[in-house]
Structures are given as C-alpha cells and as structure tokens.
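The values are calculated or read from the model by the stated rules, or taken from the named source; none is laboratory data. All values derive from a computational prediction rather than experimental measurement. Using ideal geometry, Cβ is built from the backbone for each residue, glycine included, and neighbour counts are taken over all protein chains shown.
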Amino acid sequence: MSYVVTARKWRPQFFRDVVAQKHVTETLKNAIKSGRIGHAYLFSGPRGVGKTTVARIFAKALNCEKGPAEEPCNECPTCLSIQSGTSLDIQEMDGASNNSVDDARELISNVGYHSQSHYKIYIIDEVHMLTTPAFNALLKTLEEPPSGVIFVFATTEPQKIPATILSRCQRFDFSRLSVQEIAGKLKKIAETDSITADESALMLIARRASGAMRDGESILEQLKASRGASISVADVNEILGLADREVFFGIIDRCHERDTRGDLELFTAYHEQGGDLKEFVEGLLGHLRDLLYAKFKGGIDQIPLSDDMKERIRSQSGWFEQGDIIRMITMVADVESSLGYAVMPVLRIEVALARMAVMETTVELKSLFELLGGESALTGAPIPLPQPGDISGTSAEAVVTSGGAHQAAKKKTDADLFKKSEEKPDFPKIAPDIDSISSSWKYITDRVSIQKPAIGPVLALGVPESFEKGKLAVRFDAGQEFQMKTCAEYSADIEEIIGTILGMKVAVHVFVRRSGAAKKKNNEIDDLISREPIIGDILERFGGEINDSWRE
C-alpha cells in the first residue's frame, strides 16, 4: 500500500473525532436524530479546521446503511465508498475550477439522478470562487432542490457569497483551533507513530500552525521526514527558520540591564547566521505578548508554553511595568509594519532594540505626585483662591478631585470663577509705577492665573524690570527661554489682564537676561545656526537647546 501523509491518515472519520468544532457536530447529530435535515448548508471558517472533513462525515452518517445515524458505521459498502471517494452519490467539486455558468447548468441537469443511497450530496469547496452568473443559475435549484438532494458549501471567505445564496443555507462557522488543542492532537499522533517529541517542540509547532490542524500535521510530517523518530525545539527552529526562544530571552535580559551593545550583538549573531528578519520581529512580538499576559492575574496560564518557560516568562515580566511592555510592543510593531518597504530593514530593527534598551521606566502620575509630596492635591479639599485685595494671599493651585462630592465642589468652583470673570472685578488700587507693580507682582500673576491658568504660573517666574510710558518689561533668567517664549506668545492676554488691574493700556515686553559669557555663547550659537539652518529648525520644532559639548 502506498504511503499516506499524516494529514490524510489522521483525518477524523467520526463526529466524535473532530477537534474543537463541537458546536457544529452536535447540531448536525441532533438534526440527523430528529430527522430535520436541511437542503443546503454553508460551512465557513479558516483553512485546515475541518470543514470538508465534517461534510464527508455528515454525508456518511446520512447515507450509512445502518442509518441515517448520528455516527457512521464506517463498515458498510456505502460508508467505505464515500470514504474512498468512489461513491456516485457524493459529488465533491472545487469551486475554483468549476466556477462558470456552464458548470452550474451541468450540475443542475444531473441533480435529480442518484442511485440507492438515501441522499445525493454535493460538496462544493471554496464556493466563493463561483462567478455571479453561476450563483444565479443555482438559485432556483438551491431553494427547491429535488427530494433527497443536499448541498454543502465550504468557504474561507463567506463575505464574498451573494446574500441570495446565504439566505438559502444553514450557516455553520468553524472556529480556529487553540494551541493546546493542536498540541494535544500532535502528541497523540507522535505517540502512535513512535515519535519522541519534546512538549516545547509540539507547542512551538502548534503556535506555528496558526489555528489550523492541517498545518500542524504537515509540519510534523516534515520534521518526521527530516529528523526521524526524535524531534526537539532546535529541530523545529532549524526546519522552519525560526529564531530560538533563547535569543528573545537574551534580548529582554539585556534590555533590563540597559546593555545596548549586548542587545545588538545578539541580533547581529542571529542575522549573520542567515536568520530571517520577519521571523525575528514576529518572534520578538510573540515574546513581548507573553510578557504582557504574565502581568495579568491568571494570564500566565493562558500562555501555551511548558512550565519551565512560563516560570522564565513570569520572572522577566516582573522587571517591567505594564506600560513598559506596551511601549516595547509598539516599537517592534512599528518595525514590523515597515519591513516590506524599508530601504534598511536591519537598521530599523537595531534602532528599535536600542530604544528598548535605553527606555526609561513608566511612572504613573499618582506615584509622581506622591513622590513630589503632592498627596493633598490628589485627595484633599479644594484650596481657596486668593480674594481681591489680598495681595499676600496664596496663589491659585490646581486641584484633582474624585467622587461625587468633589466633582460637585469643582463644578461649583468653576461656575463661581466664570461668574466672577463676567462681573467687573474689584481690584485694589495699584499705582502705575515699577515699585508698586513689583510689590504687587504676586497678586497680579494670581489674577492672570484665575483667567489663564496655564499662563499665570509661567509669568510668575519673571521679574518686573521697568515700567515707562505704559510699557512693562519683564525679565526672565538665563535658562528660562521656554517660559519667556510662552509669555510672549500670550502677551495680548497678559496685557489685557494687567491693563484692567492698572486701569490703563499696557504693553508687555519679555526678555531673558544673559551674562557676558552667556551672550558670547548665544552669539556663537546664532552664528552656528546661520551656517546650518536645519539646526535652528530642529531646536524650534522640538524645543531643544545646545549645550557646551557642541564645540568638541
């Protein structure tokens, strides 16, 4: 007898042998038991999950000489002929090669003839490949077929089937198999065929199968032909061109140690040995996904790995915050999406690995507030704003509240502020001279904070320098260029508020005081920017500054 490949040898022959499609098999068995057999069925789902297999078992169960029965006997001549593909009453067709209207007409002309079987069954695989005229030709026959005729359509793309066809069929959606379900079936095959396979190797094959049992069986067949009766994880990695999981453990180890050089050396060694870049990126994403799952309660149990691997995953995940892992996944996912068109894909991967190694840890805002001594800002009562005339009062502070009472208090405060802004303020009298403005500067900036919360605290960092003919000069110290630019951007608002307080029109000029050395450095930087305009563009876009190391 000729050799039979694993996928065909282990094709289920009974409903009870079908893996992970119990919702389909139980429904079909109940329909047979109750005698409520439909005339058209649609089996949809991914490749390799058992659509055609279940259609054949269904055909055997309906035409079994001991039935119709919930399970075929697989012993009678009818069952054996269907199993061998020689039955005249079970017609299997490929929708891709029999997709024309002429093929549909030929099927219709022969649909009423069948031998002594209970039912004549047409199994059309990849039915979505039929043309629109072919579908239209089938409509009438599909809606009112001759007695004893059943159509079973199988497809991986049900959205391409016309609604007029879908409405005439009972639809069953086949689910993708889990890694554990595929690995369990592969383990049974290995034991029966006297193959020694590591649990981790079977898990790796199952993950590579991507939910398709047939793919997993084909990979096992390839490994059996290559490695014989013993299969290890290293064998699976070598045959499939996968990156060893140890590479990813090593990369995460070095990210934890902030060892950028070691990170890149690991990747370079993998690449120089002929490793595939796409497989590397996908493998690293899978490893990071496992680390993320390990952060959740009970998530480690959902990872299809051996117990030793799970323990190592749990250990590595403890080094990082959940936000850190999500950021690393985002970095690697960005690389994956660009591999197809990247001019230098190796460089993109190296940059992502370097960013992962030097990445700072994620800190929650609550923890940051507590670290800075701001617990009262998170949980305490609102701090009252200074009243008009109280120049020495406390400045306005942002308050974060939670709960219904705090939210109500916040809404009331916001309403009061809005109401006060609509009314004419009762400002204390401040003389329009530099001494009075300087002594009342805190009050002035507090008033700016009430109407412009984002600007007042920034303006408070400046110092009134002079006031002549309605022009107020405000000085910022060296290093406060950003604050100075912010005030300059909102100078119109500042001028309006201060002018209202002083009772006159005011023009505000802000500047940064520089020492002699600073002025010299500033001139040198200006000269550098004039020679290299792109440097100025970068500084302006990212709000950066040039330190002294540029001269080296």
Notebook entry, point to check: Given the conditions (1) in contact (Cβ under 8 Å) with a residue 40 or more places away in the chain; (2) crowded, with 19+ Cβ neighbours inside 10 Å, and given that ALA197 satisfies all but one, which numbered condition is not satisfied?
Noted result: (1)
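If you go through segment 1-22, how many residues are touching a residue at least 40 places away in the same chain (Cβ under 8 Å) and exposed (fewer than 13 other Cβ atoms within 10 Å of the Cβ)? Please lay out each step first, then the result.
From segment 1-22, those touching a residue at least 40 places away in the same chain (Cβ under 8 Å) are 5-7, 10-16, 19-21; that's our starting set.
With the extra rule that they be exposed (fewer than 13 other Cβ atoms within 10 Å of the Cβ), the set shrinks to 5, 16.
Final tally of qualifying residues: 2.
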Check: Of all the residues that make up segment 247-283, how many are of a type in the set (D, E, K, R), over 16 Å from ALA354 (Cα atoms) and under 24 Å from the mean Cα position of the chain (by Cα)?
Finding: 4
Next item on the list: Would you mind telling me which numbered condition in (1) of a type outside the set (Val, Ile, Thr); (2) in the same structural domain as LEU62 (by TED's automatic domain parsing); (3) outside any helix (DSSP H, G or I) LYS140 fails?
Entry: (3)
Check: Looking at segment 204-283, what helices (runs of 4 or more DSSP H) fall wholly within it and have at least 1 residues that are of a type in the set (Lys, Arg)?
Finding: 213-227, 245-256, 260-272
Margin query: Which of the numbered conditions does ASN30 fail, given that it passes all the others? Conditions: (1) surrounded by 15 or more Cβ atoms within 10 Å (Cβ to Cβ); (2) at pLDDT 90 or above.
Written below: (1)
Notebook entry, point to check: Based on what the data block shows, is ILE108 in the same structural domain as GLY45 (by TED's automatic domain parsing), farther than 30 Å from PHE14 by Cβ and in contact (Cβ under 8 Å) with a residue 24 or more places away in the chain?
Noted result: yes
Margin query: Being in the same structural domain as GLY318 (by TED's automatic domain parsing), free of Cβ contacts under 8 Å to residues at least 12 places away in the same chain and among the hydrophobic types (A, V, I, L, M, F, W, C) is the filter here; which residues of segment 215-270 pass it?
Written below: ALA269
Margin query: Tell me yes or no: at least one residue of segment 297-307 is part of a helix (DSSP H, G or I), in contact (Cβ under 8 Å) with a residue 12 or more places away in the chain and closer than 27 Å to LYS187 by Cα.
Written below: yes
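List the helices (runs of 4 or more DSSP H) that sit entirely inside segment 7-103 and contain at least 2 residues that are closer than 30 Å to GLN180 by Cβ and out of contact with any Cys (no Cβ under 9 Å at 6 or more places or on another chain). Outline the logic, then answer.
Details: elements: 22-34, 51-63, 77-84.
The qualifying helices (runs of 4 or more DSSP H) are 22-34, 51-63.
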Next item on the list: Within segment 78-121, work out how many residues are among the polar types (S, T, N, Q) and touching an Asp or Glu at 6+ places or on another chain (Cβ under 7 Å).
Entry: 3
Next item on the list: Might you check whether a residue that is in a loop (DSSP other than H, G, I, E, B) and either of a type in the set (A, V, I, L, M) or free of Cβ contacts under 8 Å to residues at least 24 places away in the same chain (or both) occurs anywhere in segment 147-155?
Entry: yes
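Got a number for residues in segment 1-29 being farther than 23 Å from TYR122 by Cβ and of a type outside the set (A, V, I, L, M, F, W, C)?
Step one: list which residues in segment 1-29 are farther than 23 Å from TYR122 by Cβ, which gives 1-7, 9-10, 16-17, 19-20, 22-23, 26.
Adding the requirement that they be of a type outside the set (A, V, I, L, M, F, W, C) leaves 2-3, 6, 9, 16-17, 22-23, 26.
Here the count works out to 9.
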